[in-house]
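Colleague: Pasting a structure below so you can have a look.
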Amino acid sequence: EYSELEDTTWKTLLAIIPEPILDLCHVTKGPGRLKIVLPNGVEILGRNLKSHQKFGSFNLIGAWIDECNEDGVDESFYLQLQGRMRDLRASDGVVLLTGNPGGRNWVWERFFAWQEGRKRYEDHEGFQAGTEENEHLDKSYLQRMRDTYPQEWLDRYFSGDFGVLEGQILTEFDPDIHIVQGFSIPDYWPIYRGLDPGINHPTACLWWASDPHGFHIIYKEYVKRGSPVHENARAIREASKEEEEQILWTVIDPAAEQRVSTGAVVQTTLQQYLEAGLHCYLGDHDLKSSILRLKQLLTPDPERLFPPWHHLSGQPGSPLLFLSTACPYTKWEIEGWRFKDVKPGQMDREKAHAENDDCIACARYIALRSP
């Protein structure tokens, strides 16, 4: 809110402008309008991003989003500001972002993900700084923080770890344990598919295989945005061609039973996939049950030995579910999937963020059908 901006960041800004220069500035304060006009004519504006649609006519030299990982600040704000860097006095307008790590979200994807082999965005650079790097903080204050706060809080806010996400759902997931190098699935292992059709979000499909000893691996993924049903069905059938006889069933989002209009024909999404050659069973959308099932499959058992096809083969502490290196999108979703923030007075987190969860939905449908 504006009051928070005025009491924190804006107050600090006014404090660091040298007094002789500040005396020559014109400062405006008021509800919804914070502005400093510098002696050289440059204006510094303070705005609330809830009203970002009003930024459409700005010609900016630069912009800074503070607390960029808070709820309600999304990538559209950043892209809109980037598009306003067209003031002729700035040859290369820069958008700065600062904030505490928010997990594997859009900020991580744009500025840090390239370090793990994902896409690198041109002209983007990310910097991580822990609290201890602030030379102005007293050492006794830092020690009190270490003594007072839980490790998860320290990892996120003290060390700046993007791997820690407040409200993360599948906290059991550990890439060192659950990620395995891709391999050819033996022809006697049963295979299952989960399908999450998309209209305003991508269509996703996962392939899940089970070995004779009760271990499972998600070994293949399909994620495509904007393709019609017949194209998705054809691509999924093509990707399954060599293992078609091993596929026991495909389970689909139960919402596929709802009727949709395709031209003059009114059908269900389920019917459309059937006509396109992909027979599906309706899945179960129970969020709590599916989360509990996935957590159960991902939890290591100190007495269970890792399977022969795992890099820790024969060692104790194995979970039941693994993910192939051929499924990077699913890994990204698992690490970023989180509950919505609780409202004041609430204790339990019950609702998950319904974004970037398409592959997770496929896994949920398969898990609840109990392969």
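The values are calculated or read from the model by the stated rules, or taken from the named source; none is laboratory data. The structure presented is a predicted model; accordingly, all values stated were derived computationally and were not measured. So basically every Cβ, Gly included, is an ideal-geometry build from the backbone, and we count neighbours across all protein chains shown. Heads up: the accessible areas ignore ligands, DNA and RNA and are worked out on the full protein's heavy atoms, side chains in. Shrake-Rupley method; radii C 1.70, N 1.55, O 1.52, S 1.80 Å.
Colleague: How much accessible surface area, in Å² rounded to 10, belongs to the heavy atoms of residue 148 with a 1.4 Å probe?
Modeller: Per-residue accessible area (residue 148): approximately 100 Å².
Colleague: Turning to a different aspect of this structure: Using Cα springs under 10 Å in a Gaussian network model of the chain, which residue among 252, 65, 199 shows the largest mean-square fluctuation?
Modeller: Among 252, 65, 199, the largest mean-square fluctuation in the Gaussian network model of the chain belongs to 199.
Colleague: How large is the helix-only mean residue ellipticity at 222 nm for the chain, computed as the sum of -39500 (n - 2.57) over DSSP H runs with n ≥ 4, divided by its residue count, in deg cm²/dmol to the nearest 500?
Modeller: -7000 deg cm²/dmol
Colleague: Can you tally the net charge around residue 123? Count Lys and Arg as +1, Asp and Glu as -1, for every other residue whose Cβ sits under 11 Å from the Cβ of residue 123.
Modeller: Charge balance near residue 123 sits at -1.
Colleague: Something else now. Just checking my list (i) 20.2; (ii) 21.9; (iii) 24.1 against Kirkwood radius over Cα pairs in Å computed from this structure; which label fits?
Modeller: Only one option fits the structure, namely (iii).
Colleague: Scan around residue 182 for amide H atoms under 5 Å from its own, H built in the peptide plane at 1.01 Å from N, and keep only partners 5 or more places away or cross-chain.
Modeller: Sorted by chain and number, the residues that satisfy this are 325, 326.
Colleague: Moving to a separate point now. Longest exposed-loop-site-free stretch of the chain, with GluC sites (Glu not before Pro), DSSP loop and at most 11 other Cβ within 10 Å?
Modeller: That would be 136-349.
Colleague: For a quick check of your reading of the filter: which trypsin sites (Lys or Arg not before Pro) in segment 73-114 sit in a DSSP loop and have no more than 12 other Cβ atoms within 10 Å?
Modeller: Passing both the DSSP loop test and the Cβ count: 86, 89.
Colleague: Whole number in Å², please: accessible area per residue of the chain, 1.4 Å probe, ligands, DNA and RNA not counted.
Modeller: 57 Å²
Colleague: Moving on to the next point. Keeping every protein chain in place, order 289, 227 by accessible area at 1.4 Å, biggest value first, i.e. largest first.
Modeller: 289, 227
Colleague: Using the Cβ atoms and a cut-off under 13 Å, what net charge is assigned to the surroundings of residue 85, where Lys and Arg are +1 and Asp and Glu are -1?
Modeller: 0
Colleague: For a quick check of your reading of the filter: which trypsin sites (Lys or Arg not before Pro) in segment 151-256 sit in a DSSP loop and have no more than 12 other Cβ atoms within 10 Å?
Modeller: Those that pass, being in a loop and sparsely packed, are 225.
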